[in-house]
1. Looking only at region 115-122, decide whether some residue is surrounded by 12 or more Cβ atoms within 10 Å (Cβ to Cβ), without any contact (Cβ under 8 Å) to a residue 24 or more places away in the chain and over 18 Å from the mean Cα position of the chain (by Cα).
2. Check region 108-123 and report whether any residue there is polar (S, T, N, Q) and at pLDDT 95 or above.
3. Could you go through region 88-105 and let me know if any residue there is among the aliphatic types (A, V, I, L, M) and under 19 Å from residue 147 (Cβ atoms).
4. Taking the condition in contact with a Phe, Trp or Tyr (Cβ under 8 Å, 6 or more places away or on another chain), over 15 Å from residue 18 (Cα atoms) and among the aliphatic types (A, V, I, L, M), does residue 94 pass?
5. Kindly provide the set of residues from region 3-30 that are free of Cβ contacts under 8 Å to residues at least 40 places away in the same chain and assigned to a loop (DSSP other than H, G, I, E, B), ordered by number.
6. Out of the residues in region 65-89 meeting the condition of being touching a residue at least 60 places away in the same chain (Cβ under 8 Å) and acidic (Asp, Glu), tell me which one is nearest to residue 51 (Cα to Cα).
7. Pull up region 31-49, narrow it to residues that are surrounded by 15 or more Cβ atoms within 10 Å (Cβ to Cβ) and in a loop (DSSP other than H, G, I, E, B), then point me to the one that is farthest from the chain's Cα centre (by Cα).
8. Give me a count of the residues in region 57-89 that are buried (at least 16 other Cβ atoms within 10 Å of the Cβ) and over 30 Å from residue 138 (Cα atoms).
Amino acid sequence: MEIDQRARILAILESANDLALATLREDGWPQATTVSFVNDGLNVYFGTNAVSQKARNIARDPRVSATLTLPYRTWDDIKGLSLAARAERVSDPLEMQDVAALVLKKFADVGKYVRDDPLDQLAVFRLRPAVFSILDYSRGFGWTELVRV
């Protein structure tokens, strides 16, 4: 990965709040779900209920795909990413603290949505991308660039 590719990927990740996450269901069909996320470099983190369908799907098969598109006014402004990654449940307490700090920084009002549920009902996942596809219509209609991590 070249330095400018990494910079463009990070700029898009840091400008977006949500992504569509595709996991594989037990019957083999993909399931796409919108999740809010934070990133630490190229690693992407999201939280969900520990017994949610996506958590169960990831436990069975950690291969995931995701897409995100930044808000745009015209098609010439379209920028986004798609990625293929392995999802891993975060268990290290220090990493959990780091992720919590990233969430509070990005989503300052998240505290009012946190319930009194025990933390063991929360699963935080790290996506370790293997490949990104950068989408940038300012470079031409449908322009993409495949970047291996």
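The values are calculated or read from the model by the stated rules, or taken from the named source; none is laboratory data. Quick caveat, the model's predicted, so the values are computed rather than measured. Glycine gets a Cβ as well: all are built from the backbone with ideal geometry, and neighbour counts include every protein chain shown.
1. Within region 115-122 (the criterion being surrounded by 12 or more Cβ atoms within 10 Å (Cβ to Cβ), without any contact (Cβ under 8 Å) to a residue 24 or more places away in the chain and over 18 Å from the mean Cα position of the chain (by Cα)), the answer is no, since none of the residues qualifies.
2. No, that holds for no residue.
3. No, region 88-105 contains no residue that is among the aliphatic types (A, V, I, L, M) and under 19 Å from residue 147 (Cβ atoms).
4. Judged against the criteria, residue 94 is not a match.
5. Answer for region 3-30, where residues must be free of Cβ contacts under 8 Å to residues at least 40 places away in the same chain and assigned to a loop (DSSP other than H, G, I, E, B): 25, 26, 27, 28, 29.
6. Top of the filtered list is 77.
7. 42
8. Residues meeting the conditions: 4.
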